[in-house]
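Student: Dropping a structure here in structure tokens format, bear with me for questions.
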Amino acid sequence: MKIKIVLLVFFLSCSQFSLFAQKSILSTSSGEIVFFSKAPLEDIEAKNNRVISMLNISNREIVVRVPIRQFQFRNKLMQQHFNENYMESEKFPYATFKGLINELIDFQKPGTYDVSASGILNIHGVSRKRTLNGKLTILENSTQLTTTFNVLLTDHKIKVPKLVFNKIAETIAVSTSFSYSPYEK
């Protein structure tokens, strides 16, 4: 009888912890990233709305995973060149960011906050320490995060052939938008 009570208390406490853990983790599987390259001969823009991100509000950890092949271009030939020649998406299928939000935010208090996250940005198999700035908006039923930052192609060993060098900027402008909700298994 005592063993049954101990097991019952153990399972109840585990389920309580699991419930707390689920409430402290926010996620999205439809985050959006847009990048823009302004070059003398041609502007290039692509959008990806299949970005996965998780935000642990108890310890401020954030993780973002970007499937490279999901970037959509106006021009299918550009998309093919992007995946095959520049990003080598067969070899490097994902870009990631793993970091920590630097500010102490009360996630129970609705509002818009300027935030920064420091961590590791991995693109094209090359990891770089970065601090990204953004806006965190806490609403009653969701949490939103937006950022804008630049990526220097040489920082991630993304090579541009000299033939098309005037068509692609050396620095790419990146914008992100995530709408988080409580994580559900």
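Student: Say we look at segment 33-51 and pick out the residues that are basic (Lys, Arg) and assigned to a strand (DSSP E or B); which of these is nearest to Pro93 (Cα to Cα)?
Tutor: That would be Arg50.
Student: Among what's in segment 49-87 and is of a type in the set (D, E, K, R) and modelled with pLDDT under 95, pick the residue that is nearest to Phe35 (Cα to Cα).
Tutor: Among residues in segment 49-87 that are of a type in the set (D, E, K, R) and modelled with pLDDT under 95, the one nearest to Phe35 (Cα to Cα) is Arg74.
Student: What residue, of Leu77, Leu100, is farther than 17 Å from Glu45 by Cα and among the aliphatic types (A, V, I, L, M)?
Tutor: Of Leu77, Leu100, the one residue that is farther than 17 Å from Glu45 by Cα and among the aliphatic types (A, V, I, L, M) is Leu100.
Student: Turning to a different aspect of this structure: Being crowded, with 18+ Cβ neighbours inside 10 Å and closer than 14 Å to Ser27 by Cβ is the filter here, so list the residues in segment 42-64 that pass it.
Tutor: Val51, Ser53, Leu55, Ile57, Ile62, Val64
Student: Could you say which residue among Ser127, Ser142, Ser89 is in contact with a Lys or Arg (Cβ under 7 Å, 6 or more places away or on another chain) and small (Gly, Ala, Ser)?
Tutor: When all the criteria are applied, what remains is Ser89.
The values are calculated or read from the model by the stated rules, or taken from the named source; none is laboratory data. The structure displayed is predicted, hence computed values, not measured ones. Positions of Cβ are backbone-derived with ideal geometry, glycine not excepted, and every protein chain shown enters the neighbour counts.
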